[in-house]
Each structure stands twice: as structure tokens, then as C-alpha cells.
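These notes concern the structure reproduced below.
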Amino acid sequence: MKTKFLFPNKFKALGWLLFIPSVIITVIISLFNINTDEYLNVTVFAILNDFPLSKPEHFIFIKNSIVDELLLIGLVCGGILVGFSKLKIEDEFTTKIRYESLVWAIYLNYGLILLFTIFVYGMGYMQVLIHNVFTVLLFFILRFHYMIYKQNKSLQDD
């Protein structure tokens with residue numbers, strides 16, 4: 001089967017290498033409320049630098065910790081490579097599982113956003129929205145690989 005929009009299978013390993021450490025470090029930082037502002041401070045170019053109670057600045061160089069940016073890049077790029085790299089055997093059934101997993105992940109993600117919109121307020125809600133950047137990919141990857149595992153296990157049992 002010809003798949004237009006999937007990466008070659010060899011990119012999946014790179015994806016896992018980026019994704020797993022980024023997820024683990026992000027979870028640790030979130031759970032233990034670790035302030036990363038003191039680590040990896042470098043001068044970066046900012047199109048917009050806007051903080052509460054300060055005047056917005058445009059197109060300037062600023063000193064900033066890039067820990068958050070590196071983690072998000074690792075999560076998103078790794079997640080895309082893991083989720084959208086071909087399996088060794090890519091057929092119509094795999095495509096169906098991939099499609100159903102993606103739809104399921106989007107429904108779950110937006111269902112959770114609606115739930116959190118009703119019950120979470122203040123900065124906690126801001127945390128929900130920040131984590132929402134990568135939860136669709138996480139839900140998709142988990143469900144897709146679980147369904148592939150389940151399919152392979154049922155084939156081995158027959």
C-alpha cells in the first residue's frame with residue numbers, strides 16, 4: 001500500500017529517542033514543580049517578548065532559559081516521528097488502526113479539555129492548556145501502539 005504522508009520506518013527510532021526522555025523530564029518538572037529558569041540561559045532572538053505588567057517588546061535579543069523550548073521540540077518532533085513513521089509492515093489494516101487511533105485521540109483530548117474547562121480554574125487551567133500541546137500525540141501513540149500490540153498478540157495466539 002502506498003502511503004503519502006508517513007515517514008520511513010527508520011525515523012521511528014529517532015522519534016523514540018527524542019520523545020521518551022522529553023516526556024519523562026517534562027513529567028518530572030511538572031510533578032515536582034521544578035523551576036527551569038536557572039538552566040541553559042542563552043541569548044535568543046524573540047519576535048515577541050511579553051510578560052504581565054511589562055511593556056511588550058518586538059524583534060529583540062533576550063537572555064532566556066531554553067529548557068522548556070527544547071523539551072517541547074523533543075516532544076512534538078519525537079511524537080510526530082513515532083506516530084507517523086511507517087511500521088515494518090504497513091497495510092490497509094494498519095492504516096485503519098492509525099486513522100481510528102487519531103480520531104480517538106482527538107475525541108479524548110477535546111473531551112478532557114471540556115471537562116477541565118468546567119472544573120479547573122486559574123493557573124491550573126493554564127497548565128492544562130500548556131500540556132495540551134502534546135497530549136493529542138501522546139494519546140494517539142499510546143492507542144495506536146496498543147492496538148497494533150493487541151492485533152499481533154491475537155495473530156500469535158491463532
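The values are calculated or read from the model by the stated rules, or taken from the named source; none is laboratory data. What you are looking at is a predicted structure, and each value in this text was computed from that prediction instead of being measured. Glycine gets a Cβ as well: all are built from the backbone with ideal geometry, and neighbour counts include every protein chain shown. What goes into the accessible areas is simple: the full protein's heavy atoms, side chains included, and nothing from ligands, DNA or RNA. Shrake-Rupley method; radii C 1.70, N 1.55, O 1.52, S 1.80 Å.
Plugging the Kirkwood radius over Cα pairs into Stokes-Einstein for the chain, at a temperature of 4 °C and a viscosity of 1.567 mPa s, what D comes out in µm²/s?
71 µm²/s
Would you kindly state the longest site-free stretch of the chain, with sites defined as chymotrypsin sites (Phe, Trp or Tyr not before Pro) in a DSSP loop (not H, G, I, E, B) surrounded by at most 12 other Cβ atoms within 10 Å?
Values: sites that count: F5, F32, Y39, Y121.
Longest stretch, sites excluded: 40-120.
Using helices alone, I'd like the mean residue ellipticity at 222 nm for the chain: each DSSP H run of four-plus residues gives -39500 (n - 2.57), total over residue count, nearest 500. It would help to have the intermediate numbers written out before the result.
Working: 4 runs with 101 residues, N = 158.
About -22500 deg cm²/dmol.
Figure the gain on full extension for F93 and I34 (residue separation times 0.36 nm, minus the Cα-Cα span) and round it to one decimal in nm.
That pair, F93 and I34, stretches by 16.9 nm at full extension.
Starting from the amide H of A46, placed 1.01 Å from N in the peptide plane, find each other amide H under 5 Å away whose residue is 5 or more places distant or on another chain.
HN-HN under 5 Å from A46: I60, F61, I62.
Which residue, L53, L138, L40, tops the fluctuation ranking in a GNM of the chain built on C-alpha contacts under 10 Å?
Comparing L53, L138, L40 in the GNM, the peak value goes to L53.
To the nearest 20 debye, what is the magnitude of the charge dipole of the chain about its Cα centre, counting +1 on the Cβ of each Lys and Arg and -1 on the Cβ of each Asp and Glu?
540 debye
Assuming 0.36 nm per residue, please report the length gained on full extension of the stretch V76 to A46 beyond their Cα-Cα distance. Could the numbers behind the result be given before it?
Numbers: separation 30, 0.36 × 30 = 10.80 nm, distance 2.05 nm.
That pair, V76 and A46, stretches by 8.7 nm at full extension.
On the full set of protein chains, 1.4 Å probe, figure out the accessible area of K86 and give it in Å² to the nearest 10.
70 Å²
Which listed residue (I28, L108, S65) has the Cα farthest towards the positive end of the charge dipole for region 26-129, taking +1 on Lys and Arg C-beta and -1 on Asp and Glu C-beta about the Cα centre?
Of I28, L108, S65, it is L108.
Over the chain, with the other protein chains present, what is the accessible area per residue in square angstrom, probe 1.4 angstrom?
71 Å²
If DNA, RNA and ligands are ignored and the probe is 1.4 Å, what is the ranking of R143, R98 by accessible area, most exposed first? Can you show the working numbers first?
Working: R143 55, R98 20 Å².
The ordering from most to least exposed comes out as R143, R98.
Please list the radius of gyration and Dmax for region 102-158, considering alpha-carbon atoms only, with Å as the unit.
Both quantities, over Cα of region 102-158: 15.3, 53 Å.
Roughly how tilted is helix 123-157, in degrees to the nearest 10 and between 0 and 90, from the longest Cα axis of the chain?
Around 20 degrees separate the two axes.
Give the lysines reachable from K4 as a straight Cα distance under 20 Å; neighbours fewer than 8 places away on the same chain don't count.
Leaving aside lysines fewer than 8 places away in the same chain, those within reach of K4 are K12, K86, K88, K96.
Could you calculate the FRET efficiency of E69 with N9 from 1/(1 + (r/R0)^6), where r is the beta carbon distance between them and R0 is 30 Å, rounded to 0.05?
The formula returns an efficiency of 0.55 here.
Given a Förster distance of 25 angstrom, what is the FRET efficiency for I148 paired with Y107, based on the Cβ-Cβ distance and rounded to 0.05?
Working: r = 20 Å, r/R0 = 0.78.
Taking R0 as 25 Å, the efficiency between I148 and Y107 is 0.80.
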